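K.L.:
Quick one: the structure is below, and I'll ask about it shortly.
The numbers here are math on the coordinates, done by the rules we state, and not lab data. Quick caveat, the model's predicted, so the values are computed rather than measured. Don't worry about glycine lacking a Cβ; one is built from the backbone with ideal geometry, like all the others, and counts go over all protein chains shown.
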Amino acid sequence: MTAPFPTRKQEEWRYADLDALQPVWERFSEPMTVIVGAGEELEEVWLPVAEDVQVRRVSLALGEGAKARLFMLNTAPVYGRIELEVTLAQGADFELFGANIGTALSTNEIVTKVKHVGIGGRSRQTVRSVLNGKAVGSYLGKVEVARGAQQTDAEQSVKAMLLDRGATANCKPELEIFADDVKCAHGATVGELDAMQLFYAESRGLDPASARALLLEGFVMGLWDGAKDGDAIREAAREALRSVV
Amino acid sequence: MLKIENLHATVADKPILNGVSLTVPAGEVHAIMGPNGSGKSTLAYVLAGRPGYEVSEGGATFEGRDLLAMEPHERAAAGLFLGFQYPVEIPGISYLQFLRESLNSQRRARGQDELSAADFIKVAREQAKLLEMDSEMLKRPVNVGFSGGEKKRAEMVQMGILAPRFAVLDETDSGLDIDALRIVGEGINRIMRAPDKGVLLITHYERLLEHVRPDRVHVLQAGRITRSGDIELARDLEREGYTEAAV
């Protein structure tokens with residue numbers, strides 16, 4: 001049975017490219033389930049594939065004290081969607097480092113729902129978008145803290161860089177908290193490169209265009225600093241940035 | 001080598017420099033001392049071309065070329081180096097990549113061949129070693145997680161790698177312990193003491209000057225040079241403070 005085709009009225013599909021999704025919906029209508037057992041650890045790197053439309057829908061369950069760390073690069077030429085629902089049991093730890101790099105008319109989005117159901121869970125989500133042309137890059141991230149999930153520690157950091165006037169970034173961190181002893185932080189910025197960093201790089205001899213390209217690289221590459229096996233995603237991100245900058 | 005004439009500059013429409021005149025001939029190290037807010041850092045930024053630092057009158061030439069007409073990266077390629085008072089962090093970019101691209105960009109601008117990755121790493125390691133910095137630190141993102149002292153030392157490693165003709169060093173000694181101060185002082189002498197090079201050393205304290213031994217010492221007050229002398233002037237200032245010594 002194929003799940004009903006989504007509509008834009010559903011918040012989590014609000015910025016989706018449904019026309020692009022339609023032909024491939026059957027393949028992706030059911031999310032893939034991943035379970036990380038109590039005390040276990042998972043580290044994965046999600047690389048882009050060579051297709052115009054790239055969809056990944058994952059439901060991730062973290063057992064007690066389990067840890068998951070995901071590095072993801074979303075850079076489909078037409079429509080890319082990484083959708084993730086994470087459930088954290090007591091003391092579980094979830095980290096997401098993701099980038100949307102988009103050019104031309106593409107839409108790339110990272111959509112997450114992180115559910116803290118046990119005590120003392122920790123989640124960190126860091127998303128960076130670099131967009132040019134008329135590209136759209138989105139992060140919709142909902143953090144739910146269940147009744148009783150005290151001492152939850154959740155953070156979302158979302159930053160986007162728009163290189164052309166026609167590009168669009170949607171950043172929407174969202175919190176739904178039913179416990180009273182929790183720490184939930186979120187920050188979102190859409191901006192330009194740091195003027196002091198630019199001057200520093202230029203004062204070392206980089207011309208303005210090279211300095212800009214280098215800083216943009218750093219803006220994204222900083223995401224992979226903690227990856228155990230980050231070479232492939234680093235290379236893929238560099239490649240994607242070359243087509244954008 | 002560096003000639004500053006009647007330089008007036010404003011930051012956010014506020015006048016900071018009110019007619020600085022100063023000549024640093026090749027082969028010399030000049031120190032600039034002065035109280036907080038006297039315009040020392042502004043002078044450094046104006047010379048390096050920081051956006052927002054507007055020159056309203058006067059000028060500066062570097063080896064006969066109009067320094068102020070050049071973009072910051074052109075000044076670097078011409079051989080000018082600014083040691084930052086507060087070195088900037090750049091996450092995601094390793095020191096090795098940052099400096100290799102910077103150096104090769106300068107070399108291209110000068111019509112020189114680029115340095116290969118292997119050759120560059122050799123130079124970088126050597127310079128790090130001379131400044132007693134662990135060369136593994138060069139693999140880390142630029143200044144991220146560095147202590148204040150490590151950042152300043154890294155500025156000197158950058159200077160060693162980029163090998164400028166002229167260095168403006170803005171309070172390179174602040175935040176350094178006594179050993180680091182000696183190492184940095186020796187680094188400045190080793191890298192910049194040459195007949196065809198020059199240094200403008202901005203500092204609050206006389207201590208670094210005992211290591212570097214400037215040829216001239218100038219006092220900057222309210223955006224103007226109020227006194228010039230030799231290292232004895234710096235010692236007087238250290239003893240008596242700016243108010244007394246300037247009289």
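K.L.:
For labels at B:K122 and B:R213 in the simple 7 Å Cα→Cβ model, what's the distance in nm?
P.N.:
Each label point lies 7 Å from its Cα, and together they span 3.3 nm.
K.L.:
Take every residue in peptide A:190-200, count the Cβ atoms of other chains within 10 Å of its Cβ, and give the average of those counts.
P.N.:
Whole-number average of other-chain Cβ neighbours for A:190-200 is 4.
K.L.:
Per DSSP helix of 4 or more residues, -39500 (n - 2.57); summed, then divided by the residues of chain A. What does that give at 222 nm, rounded to the nearest 500?
P.N.:
Computed ellipticity for chain A at 222 nm equals -5000 deg cm²/dmol.
K.L.:
Please give the contour-minus-distance gain from B:R107 to B:K14: 0.36 nm per residue of separation, less the Cα-Cα distance, rounded to one decimal in nm.
P.N.:
Going from the current span to full extension adds 29.8 nm.
K.L.:
Inside 10 Å of the C-beta atoms of A:221-228, what's the mean count of C-beta atoms belonging to other chains?
P.N.:
If you average over the peptide's residues, the count of other-chain Cβ atoms is 3.
K.L.:
Can you give the FRET efficiency to the nearest 0.05 for A:M32 and A:D164, using r as the Cβ-Cβ distance and R₀ = 35 Å?
P.N.:
My answer for the efficiency is 0.50.
K.L.:
Between A:D180 and A:L18, with labels modelled 7 Å along Cα→Cβ, what's the label distance in nm to one decimal, could you check?
P.N.:
4.2
K.L.:
Please go through the residue pairs A:K115/A:K172; B:K139/B:K197; B:K40/B:K151; A:K67/A:K228; A:K142/A:K183; A:K134/A:K228 and name each one whose alpha carbons sit more than 23 Å apart in this structure.
P.N.:
In this structure, B:K139/B:K197; A:K134/A:K228 exceed 23 Å between Cα atoms.
K.L.:
Here is a follow-up. Please report how far the C-alpha centroid of segment A:57-135 lies from that of segment A:227-245, rounded to the nearest whole angstrom.
P.N.:
17
K.L.:
Quick check for you: which residues of segment B:28-42 have the amide N under 17 Å from the point 7 Å beyond the Cα of B:E240 toward its beta carbon?
P.N.:
B:33-35
K.L.:
Now for a separate question. Taking R0 as 25 Å, what's the FRET efficiency between B:T226 and B:Y205 from their Cβ-Cβ distance, rounded to 0.05?
P.N.:
0.85
K.L.:
Same structure, new question: Would you work out the charge dipole size for the protein assembly as shown about its Cα centre, treating the Cβ of every Lys and Arg as +1 and the Cβ of every Asp and Glu as -1, and quote it to the nearest 20 debye?
P.N.:
Result for the protein assembly as shown is approximately 540 debye, rounded to the nearest 20.
K.L.:
If I model segment A:90-239 as equal point scatterers sitting on the Cα atoms and use the Debye formula, what is log10 I(q)/I(0) at q = 0.09, 0.11, 0.14, 0.17 Å⁻¹?
P.N.:
Summing over Cα pairs of segment A:90-239 leads to -0.34, -0.50, -0.75, -0.98.
K.L.:
Then there's this: What's the ranking of A:50-57, A:122-129, B:127-134 by average number of surrounding C-beta atoms within 10 Å, highest first?
P.N.:
The most tightly packed comes first, giving A:122-129, B:127-134, A:50-57.
K.L.:
Using only atoms on other chains, find how many Cβ atoms lie within 10 Å of each Cβ of peptide B:92-99 and report the average.
P.N.:
Taking the mean over all residues of the peptide, I get 5.
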